[in-house]
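Peer 1: Dropping a structure here in C-alpha cells format, bear with me for questions.
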Amino acid sequence: MNTTPDIYACAGKPSWIYSDIVKDHFFKPRNLLIDEEHYEADGIGIVGSPACGDMMVVWIRIDDTTQQISECKWRTFGCASAIASTSMMSVMATENGGMTLKHAKRLTPEAILERLGGLPEKKYHCSVLGHQALREAILDYENKQ
Ligand code: FES
C-alpha cells in the first residue's frame, strides 16, 4: 500500500493525490462530535482559518489525576484535508491511554502529517486547524483550573 502522496507528480506542478490513510480518515472520521449540547467537555477550543475562513471546534476531557486527554472530540466546517487531519489528531491525542497535556502542547502539524502519509502542499493550512483548536482547548481547560 503506497501511502506517500505524490505532491509533484505532474511535471513539477502540484498534484492533489491523497494518501490511503487520508482517504480512510475522511470517509470514516474518528471522534467526530455531532451532539455537543449533551457533551460535557473540560476544555473547548475554537479556531478559524485565515486562509479559507473555515472553522474548527475541539472538545477535550481530561483525567485530572494523570493530566492525560481521555477524550478528544471535534467538528469542522472545513474540507476533506481538515477532516482527515483532525481525525488523525484526535486519535493521536487519545491513543495509549491519552497524551499528557505537556505532550499534547508539543504536538506539531508535521507529526500529524507524518501519520497521515502527507497532504498536498496547498492543503497544509487545513492540517493546522485541528492542532490549533486542540491547543486552545487545553488552554481553556488550564484557565478553568
Ligand atoms: Fe478550509 Fe481546508 S480549505 S480547511
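Peer 1: Beyond 22 Å between alpha-carbons counts as too far, so tell me which of Lys28/Lys102; Lys73/Lys105; Lys23/Lys102; Lys28/Lys144; Lys73/Lys122; Lys28/Lys73 fall in that bin.
Peer 2: Checking Cα-Cα distances, Lys28/Lys102; Lys23/Lys102; Lys28/Lys144; Lys73/Lys122 exceed 22 Å.
Peer 1: Which helices, counted as full DSSP H runs in the chain, have an axial Cα extent of no less than 27 Å and a Kyte-Doolittle average of -0.5 or above?
Peer 2: 124-144
Peer 1: Once amide H atoms are placed 1.01 Å from N in the peptide plane, what residues at a sequence separation of 5 or more from Asp54, or on another chain, have their amide H within under 5 Å of its amide H?
Peer 2: Ser49
Peer 1: Sticking with this one: Given the options Tyr39, Tyr124, Tyr18, which has the most mean-square fluctuation in a GNM of the chain, springs set between C-alpha atoms less than 10 angstrom apart?
Peer 2: Tyr39
Peer 1: Moving on. How many percent of Cα pairs in segment 8-145 exceed 21 Å?
Peer 2: Counting pairs separated by more than 21 Å, the tail of P(r) holds 38 percent.
Peer 1: Can you tell which of Glu37, Glu121, Glu95 shows the greatest fluctuation in a Gaussian network model of the chain with Cα springs below 10 Å?
Peer 2: Comparing Glu37, Glu121, Glu95 in the GNM, the peak value goes to Glu37.
Peer 1: I've got another one for you. Search the structure for amide H atoms under 5 Å from the amide H of Gln68, placed 1.01 Å from N in the peptide plane, and list their residues when 5 or more places away or on another chain.
Peer 2: Excluding prolines and chain starts, which carry no amide H, the hits are Asp63.
A short reminder: the numbers here are calculations on the coordinates, not readings from a lab. Everything quoted here is computed from the prediction, not taken from an experiment.
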